[in-house]
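Notes follow once the structure below has been shown.
Every read-out reported here was derived from the displayed coordinates using simple, explicitly stated rules and does not represent laboratory data. In this text, all values refer to a predicted model and were calculated from it rather than measured experimentally. Every residue, glycine among them, receives a Cβ derived from its backbone with ideal geometry; neighbour counts consider all protein chains shown.
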Amino acid sequence: MSTTSPVTAVPAADAPEAVRHFAARLAVETDVSDVAAHLASGASGVVVVDTRSVESWEQGHVAGAVHLPAAEIAERAGELPPGATVVVYCWGPACNGAVKAALALARLGRRVKEMAGGFEYWAREGLPVEDGGGTVTRRCPDPLTAPLDGVACDC
């Protein structure tokens, strides 16, 4: 008896097509662990942008990010460092606000990546969160999304 697998019902792409696809994704996406590692290293060339509302920003944001609400990108994108890769985020994976912001920045000629998982996964991995008053805290990592003994999945 032969059964069809939902995984193989559509055959996997050949290797060259898969390379093109995954390389293209990495050219426009990064993840919270890689952003955290970049910020911790003190390296230059990247600016992390929170595209959420003022209220959301005040509640908590990536420590070291700048606030540029999506609705203000057209007027304020020039405030971002020239030549820097812009990494945008919004609430989380169910929100496409970062995608909209990335598109707006790309249309303005900026090199941009979306931070996969958004602020939700930043906070869930126990990475530094800053509130509107400048206080930085770290929450315990969610054991279903991050190792409890570190802040990186080592992927």
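Listing for the model above:
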read-out	value
Search result, residues across region 19-38 that are surrounded by fewer than 18 Cβ atoms within 10 Å (Cβ to Cβ) and of a type in the set (A, V, I, L, M)	Val19, Ala23, Ala24, Leu26, Ala27, Val28, Ala37
Some residue of region 142-152 being buried (at least 20 other Cβ atoms within 10 Å of the Cβ), touching a residue at least 12 places away in the same chain (Cβ under 8 Å) and more than 21 Å from Val28 (Cα to Cα)	yes
Residues of region 96-106 that turn out to be part of a helix (DSSP H, G or I) and of a type outside the set (A, V, I, L, M, F, W, C), as a count	2
Qualifying residue in region 97-106 (condition: without any contact (Cβ under 8 Å) to a residue 24 or more places away in the chain and within 13 Å of the chain's Cα centre (by Cα))	yes
Filtered residues of region 15-38 (kept if in contact (Cβ under 8 Å) with a residue 40 or more places away in the chain and under 17 Å from Pro128 (Cα atoms))	Asp31, Val32, Ser33, Val35, Ala36, Ala37
The one condition in (1) surrounded by fewer than 23 Cβ atoms within 10 Å (Cβ to Cβ); (2) within 21 Å of Val136 (Cα to Cα) that Leu68 fails to fulfil	(1)
Unmet criterion (only one of (1) touching a strand residue (DSSP E or B) at 6+ places or on another chain (Cβ under 9 Å); (2) buried (at least 16 other Cβ atoms within 10 Å of the Cβ)) for Glu125	(1)
Residue, nearest to Cys95 (Cα to Cα), within region 107-132, restricted to residues that are in a loop (DSSP other than H, G, I, E, B) and either among the basic types (Lys, Arg) or in contact (Cβ under 8 Å) with a residue 60 or more places away in the chain (or both)	Gly117
Number of the condition not met by Trp57 [criteria: (1) among the hydrophobic types (A, V, I, L, M, F, W, C); (2) closer than 15 Å to Tyr121 by Cα; (3) out of contact with any Gly (no Cβ under 6 Å at 6 or more places or on another chain); (4) crowded, with 16+ Cβ neighbours inside 10 Å]	(2)
Search result, residues across region 87-106 that are under 18 Å from Ala24 (Cβ atoms) and out of contact with any Ser or Thr (no Cβ under 7 Å at 6 or more places or on another chain)	Val99, Ala102, Leu103, Leu105, Ala106
Residue satisfying condition, being surrounded by fewer than 17 Cβ atoms within 10 Å (Cβ to Cβ) and either in a helix (DSSP H, G or I) or touching a Cys at 6+ places or on another chain (Cβ under 6 Å) (or both), within set Pro11, Pro81, Pro93, Pro16	Pro16
Matching residues, region 72-86, being over 17 Å from Asp31 (Cα atoms) and out of contact with any helix residue (DSSP H, G or I) (no Cβ under 9 Å at 6 or more places or on another chain)	Glu72, Glu75, Arg76, Gly78, Glu79, Pro81, Pro82, Gly83, Ala84
